[in-house]
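I have placed the structure first, in the form of structure tokens, so that the comments after it can refer back to it.
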Amino acid sequence: MDPSLRSRMQQLAQLCDAMPPDAAPWYADGVLHRAAPLMELLAPDPHLALFRDCRQAVAALVAGTRVDPANLRRRLKAMMRPERTGEHADLADLVLYCAWTSLPPDRPGDHPDPRRISHAADALWEHLDQLSGGTGGWHAREVELQLAAARLLAPGTPTELRDRARRLDHDPVALAALARAVSTGQGWPLRVEPETLLPVPPPPRHPGCGEHPPAAYARIVAAGTGHGAALAGYHTTGRPVPFTARPGDVVTVDCPFGETVVTRRDQHRTWVGWPWPGGPGTGAELPGFAHDPAEAWQPVQLRPVAGQAAVGERVRVGVAALRVYVLRAYTFTPGRQNWFDKAAEQQLTAMAMLPAGRPATGDGHEAGEFDPYEMPLSVLLEWRAYPFLEPGDLVADAQDRELTFQPPLLFTTATGEPVRPAWPLRLLRHDGAEPAAKAVDAVAAATTQGCHDLIADAWEQHARVTLPDDLPTRHTWFHPHP
């Protein structure tokens, strides 16, 4: 082994040993997050279904919910072969072994062991180095990502940084190439084209815009509808939502798959019963699933796909963890009590979104709207443009133009003409009122360096799509004409 790699692994072991026990689920979720594309692209159906269930359990741990892993451990033990490592290893078995170590011990209240998780990930990515002919350097890259995650989860690190540890990724271009190489070399069919699952961010288009790092604009927070995973014997605590989604937000959505039956179908749509007993919703039936995949897209998936199952047959419904960008978001405060018999403490949203990597067309109406309040949906805010501004804020730019902001990137003059603001910006009205000095200073500090086009580049990098250069066309994605 390369001495420098051995040294980094020793550093990682020390950081794992020092990691607070309640931070281990974030570390485990990051390891599974990086392995997930390989499972989604290459794994057999039973292995993939079990892996997804394990990820849901780890996500529940992240949400602070106690999980009973006994059933998942029984299923993993029955499916994994004894030869989990070495020359007889199987890729799916190695990923499932990562899932095994990511589950908590059988004693209630315990947390997974970061050192065991790291060892399992080592075996997986070393195996991928072997499958790629020893030239990929995947193990070394994975160790670097685990080191970054472990530093974010060190004692004393602010809690809000923990979600970054869950979303450290391998390069999507290299990972797509690896999946193709493994598929060809092992004779395993790909479920979908790798670029569909691993969209490549477009290159930055405004290189002369300064050195202000896009990460300075990120506001990554743990979030959800306040309901979280409600299946498999666990659910979240119903804590308030720390953000309200708005157009342009890049988020990860996730909802546990529940079993139900087809209640009726016609030539164009399939309807199924409510799949989440004890969850937040009150409906007896979900809205119909279109048979035509060209109809308006939404993240809720039916398995098998709509049109394949007959009335009375069992199906599964949920949302596989997916990065999307929000096109429209509607806020409201529910008048009724929620399913925890507590007064509603936050605004909730109806949203329309598209998967990262898929550009909107025209007015963005190819994204269907759905109501996340009626689902045990988890929403993680990955990136937000202009987080220091609120919709409707009035600013003055460097050219002394008074401009009104609408997310994610729209600034309009008093006559409604969209323009590119010249930085720095000066806050004149904030959230409908005279701004506090702290808010004014925050906007000034955030826009001292860089420019508006840098924000547009960063948005494209996170959403993995290229915006239209024409400003009116660009903004109809998020603010369609009636």
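Observations on the structure shown:
- Working note: Karplus 6.51/-1.76/1.60 with θ = phi - 60° gives segment 387-402 the couplings x, 8, 10, 10, x, x, 4, 9, 10, 10, 8, 5, 9, 6, 8, 7 Hz, where Gly and Pro are set to x.
- Full extension of the chain between R264 and D292 gives 8.4 nm of extra length, using 0.36 nm per residue less the Cα-Cα distance.
- Two-site label geometry, L428 and D169: point separation in nm, points 7 Å out along Cα→Cβ: 3.8 nm
- Where E366, E382, E195 fall by accessible area, highest first, once all protein chains stay in place (1.4 Å): E195, E366, E382
- Segment 1-91: GluC sites (Glu not before Pro) falling in loop per DSSP and having at most 15 other Cβ within 10 Å: E83
- For L322, residues with placed amide H under 5 Å, excluding near neighbours: V253
- Heavy-atom accessible area, probed at 1.4 angstrom with all protein chains present, ranks R66, R180 as R66, R180, highest first.
- Amide hydrogen neighbours beyond the local backbone of V67, cut-off 5 Å, H modeled: G109
- Per residue, segment 95-207 exposes an accessible area of 45 Å² to a 1.4 Å probe, with every protein chain left in place.
- Extension gain for A398 to A13 (0.36 nm times residue separation, less C-alpha to C-alpha distance): 133.6 nm.
- Calculated FRET value between S4 and R303, using beta carbons and R₀ = 51 Å, to 0.05: 0.70
- In the complete set of protein chains, residue-level accessible area for S132 is approximately 30 Å², probe 1.4 angstrom.
- Kirkwood Rh and Cα Rg combined as Rg over Rh, evaluated for segment 91-186: 1.02
- Net length gained if the chain between L322 and H365 were fully extended (0.36 nm per residue, minus Cα distance): 13.5 nm
- Candidate residues R269, R81, R73: accessible-area rank, largest first, probe 1.4 Å: R81, R269, R73
The values are calculated or read from the model by the stated rules, or taken from the named source; none is laboratory data. Here the structure is a predicted model, which is why all the values come from computation and not from measurement. When we count neighbours, we look across all protein chains shown, and the Cβ atoms used for this are built from the backbone with ideal geometry, even at glycine. Surface accessibility is based on the protein's heavy atoms, side chains included, excluding ligands, DNA and RNA. Shrake-Rupley method; radii C 1.70, N 1.55, O 1.52, S 1.80 Å.
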